[in-house]
Amino acid sequence: MPTYTQILYHLVFSTKGREKTLTKDKREDLYKYIFGILKRKQCNLYRVGGTEDHIHIITQVHARVALAELVKEIKVASTLFAKEKKLFPHFKGWQSGYGAFTYNIDQKDNLIDYVIDQEEIHSKKPFEEEYLDLLKEHSVDVDMRYFK
């Protein structure tokens, strides 16, 4: 019997030290590279986007792909790519850890819009506040030592 899954992930991770190093003019190159990683892993990417200090990925992960390994590969490979191509002069890599939240497939369009609207959202709310809101929305226990 084949394996069937329908898990929509919203992945979030930030730059090392949450430094604002992802300049707008080169982010599209980074996003295309991440798309390539997901495509190679047979994952469906619906949207990738973010701001100077973090990214959001809306994707379905192939049943044979372990989420933690996928995020690790995205972070390691995209760091090497960004440094090799000199996309972001001050980019030091990604902060350890990530957020992974699941949603019903019916929420896909709203999540895509949310990622598209990141610049507007962050004109009113810093990343830390947005991330804490996501954690609370999904009833995740938060260790506040990581938000100081």
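Checking every residue in region 52-69 against the condition of being crowded, with 16+ Cβ neighbours inside 10 Å, modelled with pLDDT of 95 or more and touching a Ser or Thr at 6+ places or on another chain (Cβ under 6 Å) gives at least one match.
With respect to (1) in a loop (DSSP other than H, G, I, E, B); (2) in contact (Cβ under 8 Å) with a residue 40 or more places away in the chain, the lone exception for S96 is condition (2).
Taking (1) out of contact with any Phe, Trp or Tyr (no Cβ under 6 Å at 6 or more places or on another chain); (2) open to solvent by less than 60 Å² (accessible area, probe 1.4 Å); (3) more than 22 Å from F101 (Cα to Cα) in turn, L80 satisfies each apart from (2). Here L87 meets the list (1) closer than 21 Å to K125 by Cα; (2) in contact with a helix residue (DSSP H, G or I) (Cβ under 6 Å, 6 or more places away or on another chain) almost entirely, failing just condition (1). Of the listed requirements (1) part of a helix (DSSP H, G or I); (2) open to solvent by less than 90 Å² (accessible area, probe 1.4 Å); (3) farther than 23 Å from T21 by Cβ, D109 misses just one: (2). Residues satisfying the criterion are absent from region 128-148 (criterion: under 19 Å from T23 (Cα atoms), among the small types (G, A, S) and either touching a Gly at 6+ places or on another chain (Cβ under 8 Å) or outside any helix (DSSP H, G or I) (or both)). Restricting attention to region 14-51 and to residues that are of a type in the set (A, V, I, L, M, F, W, C) and closer than 17 Å to Y114 by Cα, the residue that is least open to solvent (accessible area, probe 1.4 Å) turns out to be V48. Restricting attention to region 112-127, the residues that are assigned to a loop (DSSP other than H, G, I, E, B) and exposed (fewer than 15 other Cβ atoms within 10 Å of the Cβ) total 5.
The values are calculated or read from the model by the stated rules, or taken from the named source; none is laboratory data. Computed from a prediction, not measured in an experiment: that's the story for all the values here. Cβ: placed from backbone, ideal geometry, glycine included. Neighbour counts: every protein chain shown. Surface accessibility is based on the protein's heavy atoms, side chains included, excluding ligands, DNA and RNA. Shrake-Rupley method; radii C 1.70, N 1.55, O 1.52, S 1.80 Å.
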